[in-house]
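Notes follow once the structure below has been shown.
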Amino acid sequence: MNLDFNGKKTLVRVDFNVPLDKAYHITDDTRIRAALPTIKHILANGGSAILMSHLGRPSKKLKEDGSIDVERFTLSHVVQHLSDLLGVTVKFCEETVGEKASAAAASLGAGEVLILENTRFNKGEKKGDEAFAKQLAGLADLYVNDAFGSAHRAHASTTTVAQFFGQDQKSFGFLMQNEIENATKILNDPERPLTAIIGGAKVSDKILLLERLIEFVDNLLVGGGMAYTFLKAQGGQVGNSLVEEDKQALALQLIEKAKAKGVSLILPKDSVLADQFSNEANIQTTDSTAIPEGWMGLDIGETARTEFSEVIKNSKSILWNGPMGVFEMSKFANGTNMIAQITAEATASGAFSLVGGGDSVAAVNKAGLADKVSYVSTGGGAMLEFLEGKELPGIAAMKG
Ligand code: AMP
């Protein structure tokens, strides 16, 4: 962020898309805290910050009369909490652009912070509309993008707006820089062996990621629901486990590709089975390819945990995306918790570890190990696309 903020107004795209309870209280402020270093830096260097963000999906949850549910989606819900965190009284404008927004921006003095109303209250936001982006740009002298979690969307406030600022008037924020730097450590010349641990529900959500990882990882540990599509494709009996029938051919291709590249692709040898999708279920552990009808694999078994642990302990770089089982239910959280634990241990012994993607991040947080891994990404979908090798529109726009 080597811009001169002194005496200038900076338009900052943050990701304040935080979860709220029914009374509109923030239930997890991680995303707000993640933006604080950038905002504080701007203020400490004599500037003022005009913050913009989306919150929720207002166009998907309209009121009965077809209008936007302002009460539910207004960004004013975050104002008080941000004021408390910054120790500065944060102002709010009920418009994103328009006369009131222009007046509020114009009257902002050094050291002051203004939050504009939810960018998605404007139809132009998701369309990446130029006229809307130009109005936003007109509010400030400089533009900083610190919303990594939204960088995979070509929206007006994340992408189009950047074109109205010259190279010396725009920059990534600290969060965005950190996310890019840490993901790049895995993508570019990582210390080896490099192990990717991929889990979660479906193969179909992670096809591109798996294909790409096979190009450059040394070990690929596959757990979670997606493992059963691989196991069934190889002729295993997987009972009632989650299987995507139409992805079996692809699973076999991935296994072949891994062999050809010399990548060690490891599936869970055994699984913790349940006779219903519930924490009240009866459980047993069997070989993952001999699962009886009426039973489903909801976690990796003891043997798999030991095998995965050995690989992780011997790795110098570790990427983890997706839980090893239905970790939301305590009976099936052991495999996921163990991955969190062993990844933390490997990190303590000098490995670089990146945890990216919504549910594995939740698992690391739940295990209280977020500060024991090298980096926890705030950007679920954006991090996945970055690791898939795609150029994210929000990143590309800053170069143009
Ligand atoms: P994803 O968003 O793709 O990372 O998937 C996360 C979800 O996968 C979580 O809600 C888990 O409960 C679910 N999941 C993990 N393992 C299994 C499994 N063996 N069977 C069914 N769902 C699973």
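Return one number: the angle in degrees, 0 to 90 and rounded to the nearest 10, between the long axis of the Cα atoms of helix 334-348 and the longest principal axis of the Cα atoms of the chain. Orientation of helix 334-348: about 70 degrees from the principal axis. In the elastic network of the chain, a GNM with C-alpha springs shorter than 10 Å, the most mobile of Ile207, Ile115, Ile312 is Ile207.
Could you work out [θ]222 nm for the chain from helices alone, using -39500 (n - 2.57) per DSSP H run of at least four and dividing by all its residues? Round to the nearest 500 deg cm²/dmol. Intermediate values should be presented prior to the final figure.
Numbers: 15 runs with 144 residues, N = 400.
Rounded to the nearest 500, the figure is -10500 deg cm²/dmol.
Rounded to a whole number, what % of the accessible area of region 252-373 do carbon and sulfur atoms account for, probe 1.4 Å? Walk me through the numbers on the way to the answer.
Working: 2600 of 5190 Å².
Result for region 252-373: 50 percent of the exposed heavy-atom area is carbon or sulfur.
Globularity index of region 149-295 is 1.37 (Cα radius of gyration / 2.2 N^0.38 Å, N = number of residues). In plain terms, the bigger the Kirkwood radius, the slower the diffusion; for the chain, with that radius from Cα pairs, at 37 °C and 0.692 mPa s, Stokes-Einstein puts D at 145 µm²/s.
With all protein chains kept in place, the per residue accessible area of the chain amounts to 42 square angstrom at a probe of 1.4 angstrom.
Each of Lys257 and Lys372 was given a label point 7 Å from its Cα along the Cα-to-Cβ line. The distance between the two points is 3.4 nm.
Taken over the alpha carbons of region 180-387 as equal point scatterers, the Debye sum produces base-10 log I(q)/I(0) values at 0.13 Å⁻¹ of -0.64.
For the pair Glu345 and Asp4, the difference between a 0.36 nm per residue extended length and the Cα-Cα distance amounts to 118.6 nm. With respect to the chain, whose longest principal axis is taken over its alpha-carbon atoms, helix 302-313 is tilted by about 60°.
So for the chain: antiparallel DSSP bridges make up what percent, rounded to the nearest 5?
Numbers: 10 of 49 bridges.
Of the beta bridges lying entirely in the chain, close to 20 percent run antiparallel.
Need one word for region 29-117: rounded, prolate or oblate. Basis is the Cα gyration tensor (sqrt eigenvalues a ≥ b ≥ c); a/c below 1.5 gives rounded, then a/b vs b/c decides. The shape class here is oblate.
Working from Cα pairs under 8 Å separated by at least six residues, relative contact order for the chain is 15 percent. Solvent-accessible surface (1.4 Å probe) assigned to Val78 amounts to roughly 0 Å². Computed about the Cα centre, the dipole magnitude for region 9-172 is approximately 360 debye when only Lys and Arg (+1) and Asp and Glu (-1) carry charge, each at its Cβ.
Restricting attention to region 172-269, which GluC sites (Glu not before Pro) occupy a DSSP loop and are surrounded by at most 13 other Cβ atoms within 10 Å? Provide the component values of the computation, followed by the final result.
Working: sites: Glu179, Glu181, Glu191, Glu211, Glu215, Glu244, Glu245, Glu256; in loops: Glu191, Glu244.
Qualifying residues, ordered by number: Glu191.
Stretched out straight at 0.36 nm per residue, the stretch from Lys60 to Gln237 would grow longer than its current Cα-Cα span by 59.6 nm.
Under 5 Å between amide hydrogens, built in the peptide plane, is the criterion, and for Gly199 it picks out Gly223, Asn321, Gly322 among residues at least 5 positions away or on other chains. Once both labels are positioned 7 Å from their Cα atoms along Cα-to-Cβ, the gap between Met329 and Ser83 label points is 4.5 nm.
Site pair His25 and Lys100 shows an inter-label distance of 2.7 nm when each label is modelled 7 Å from Cα along Cα→Cβ.
Around the amide H of Leu242, modelled in the peptide plane, lie the amide H atoms of Gly297, all under 5 Å away and 5 or more residues distant in sequence or on another chain.
Do any trypsin sites (Lys or Arg not before Pro) in region 24-81 lie in a DSSP loop with no more than 12 other beta carbon atoms within 10 Å, and if so, which?
Values: sites: Arg31, Arg33, Lys40, Lys60, Lys61, Lys63, Arg72; in loops: Lys60, Lys61, Lys63.
Passing sites in region 24-81 are Lys60, Lys61, Lys63.
Does region 252-348 come out rounded, prolate or oblate by the C-alpha gyration tensor, with a ≥ b ≥ c the root eigenvalues, rounded set by a/c under 1.5 and, if not, prolate when a/b is larger than b/c and oblate if not? Don't skip to the answer; put the middle values down first.
Working: a/c = 2.39, a/b = 1.34, b/c = 1.79.
Here region 252-348 falls in the oblate category.
Work out the FRET efficiency for Asn45 and Gln163 from their Cβ-Cβ distance, taking R0 = 22 Å, and round it to the nearest 0.05. Approximately 0.35, to the nearest 0.05.
Across region 74-202, Cα pairs under 8 Å and at least six residues apart give a relative contact order of 18 percent.
The values are calculated or read from the model by the stated rules, or taken from the named source; none is laboratory data. All values reported here derive from a predicted model rather than from experimental measurement. For neighbour counting, all protein chains shown are included, and Cβ atoms are generated from backbone atoms with ideal geometry for every residue, glycine included. Side chains included, ligands, DNA and RNA excluded: accessible areas come from the protein's heavy atoms. Shrake-Rupley method; radii C 1.70, N 1.55, O 1.52, S 1.80 Å.
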